[in-house]
Amino acid sequence: MDGASHLSNSNIINQLVFHNNSLFHQFFMINPEPVPNWTSHLLISLFTLVMPAFLAEKILIIILLAGTPFAFRNLVHTLSPKHTLFSFLIFPFTHSMFFFFGFFNFCMAILIFLIALNYWLRHEQNLNIKRTIMMGILVALTYFSHIVIFGTLLIVISVHIFVGTIFALLRDKTEVKPIIQLFLKKVISITLVAIPPIILFAYFFYSRPGTREISFIGKQELINFLMTVRPLISLNPIIEGNLTVIIFYLFAALMGVGFLAFIIRIGRKFINRTDTVPGTEHPLLPGFNFWWVLISMLVLLMLYFKLPDAYGTASYTNLRIGFVFFILTILWMSTFRIPWYFGLIAAVTVLYVNTRLIRYYAPGIKDLGKMAVSCNKAADFITPNSLVLPIYCMDNWFTGHFVDYLAVDKPIVMVYNYECASGYFPVKWNEKSKPNYYLGNPSTPEKYINFELTKGNPFLRLDYVFIVGQYDPKKDWFFTTLHKILTEDFIRVYEAENCSLYRNNLMITN
């Protein structure tokens, strides 16, 4: 879905920064506000300096599909070395709806979130300047990947600090001063490294108009989302839900096993009394990692039910928080004092579900791939530095941005660009110099369509019209006029099953 737009806008970044393309400078500019959603755009931009866009996208996908499981496994190993089998439960979450929707910045934020949290857990007791700077880099990268995950990371780290301090005070009441000093050191360190992105975080919301539409999802629907593990469902909630609900029941069963194991430990206490060794975890009660992860989950669960799902063009907030909630749930279950073979049973079950889901997606992905290639191939028939009007005429919401595959390799100006209009991404329209554009002949009103978006700016003639799907010339005035213009003033230079490219007859071709 959004992947095509990310590729196209990464190409715009290259044209502005590395090629100093004057036509692109007329239409576009680098967003002067240091907004989130930069990470994947920057990576793709760098990759496409030395390789075609399709390969750059594949490398990014490999980083996400390989990096996320490895990062999660390292995190589980840090938290609960005896239960690394639980790390296999992450695999369905690498193929989540956000991955299939092309939300690359969000997926990159999840990867960095796992790395940053693991780094904090490993070094929070021995912070120095070097480690604090490294933590600051990871926090900043999280912000520049996705703002929701940045906020989530700070929440989880804050819970870890406060719960850890309480546990330390309960464990050793004679060392209050050193414990408080370490607490202050942690708070000051994480605050210092987080101040710059927190300021950007606050400005991001402050600078957005308060009149944007805010929408909420009903409580019952949010509960249903949890029961079907909705962040894993990409295409068909009914078909995929029959599989993802298995994961929900598996998680519930593992929690039941953890509770039963706790009851059994209490029962054994009366047979073999075990004394607590000072400075160690209680032999019966859950340990520190159990509690700070659980409290983090509860905080996220509260936000999941309280926050709006959409704020203007930013959406899926509930599902994004729910996604992290499920990741923390896996971490939490890895802290259970249960036999190792329950982890093996869970891993096999989840890998089975993941395989079934991927097999379900495969045919559709193959068809979408053919369509993407068809759209991209149309660029072979376009002269560099041309103006193209993209028109989407299909009912499939999943392919709404496929028109952008036309402009991922060549310097082609697509005069519609939702990322530039939103203000949430690295590139935006250059409103001061952006030309207006038109189709047809201004002297013939019945064959003329003008797009005056900025008053006072000059008009440029559109060179190409790229249509995905089939348009109905009788639908309305726009398509009736468009049909006349394409029939009389343009020539079709490329046609595939789902797309057509028309070139203006006035263009000078070699």
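List of remarks:
- When GLU33 is tested against (1) outside any helix (DSSP H, G or I); (2) out of contact with any Leu (no Cβ under 9 Å at 6 or more places or on another chain); (3) loosely packed, with under 15 Cβ neighbours inside 10 Å, just one condition goes unmet, and that condition is (2).
- Put simply, of TYR471, TYR502 the only residue that is among the hydroxyl-bearing types (Ser, Thr, Tyr) and at pLDDT 90 or above is TYR502.
- Counted residues, the range 200-222 - those being modelled with pLDDT of 90 or more, in a helix (DSSP H, G or I) and surrounded by fewer than 11 Cβ atoms within 10 Å (Cβ to Cβ): 2
- Test: residue in the range 30-52 that is in the same structural domain as TRP120 (by TED's automatic domain parsing) and of a type in the set (S, T, N, Q): no
- The single condition from (1) at pLDDT below 95; (2) of a type in the set (S, T, N, Q); (3) surrounded by 15 or more Cβ atoms within 10 Å (Cβ to Cβ) that THR329 fails is (1).
- Set side by side, the residues GLY267, GLY256, GLY241 differ, and just one is modelled with pLDDT of 90 or more, farther than 28 Å from VAL148 by Cα and assigned to a helix (DSSP H, G or I), which is GLY256.
- If you filter the range 82-114 down to residues that are of a type in the set (Val, Ile, Thr) and under 25 Å from ASP2 (Cα atoms), you find that the one that is surrounded by the most Cβ atoms within 10 Å (Cβ to Cβ) is ILE110.
- Residue-level analysis places PRO237 outside the set of residues that are under 23 Å from the mean Cα position of the chain (by Cα), closer than 23 Å to THR335 by Cβ and not aromatic (Phe, Trp, Tyr).
- Among (1) in contact (Cβ under 8 Å) with a residue 40 or more places away in the chain; (2) more than 20 Å from VAL193 (Cβ to Cβ) - the single one ILE149 does not satisfy: (2)
- Selection within the range 16-30 - crowded, with 23+ Cβ neighbours inside 10 Å and within 26 Å of the chain's Cα centre (by Cα): PHE28
The values are calculated or read from the model by the stated rules, or taken from the named source; none is laboratory data. Computed from a predicted model, the values in this text were never measured in an experiment. With ideal geometry, Cβ positions are generated from the backbone for all residues, glycine too; neighbour counts draw on all protein chains shown.
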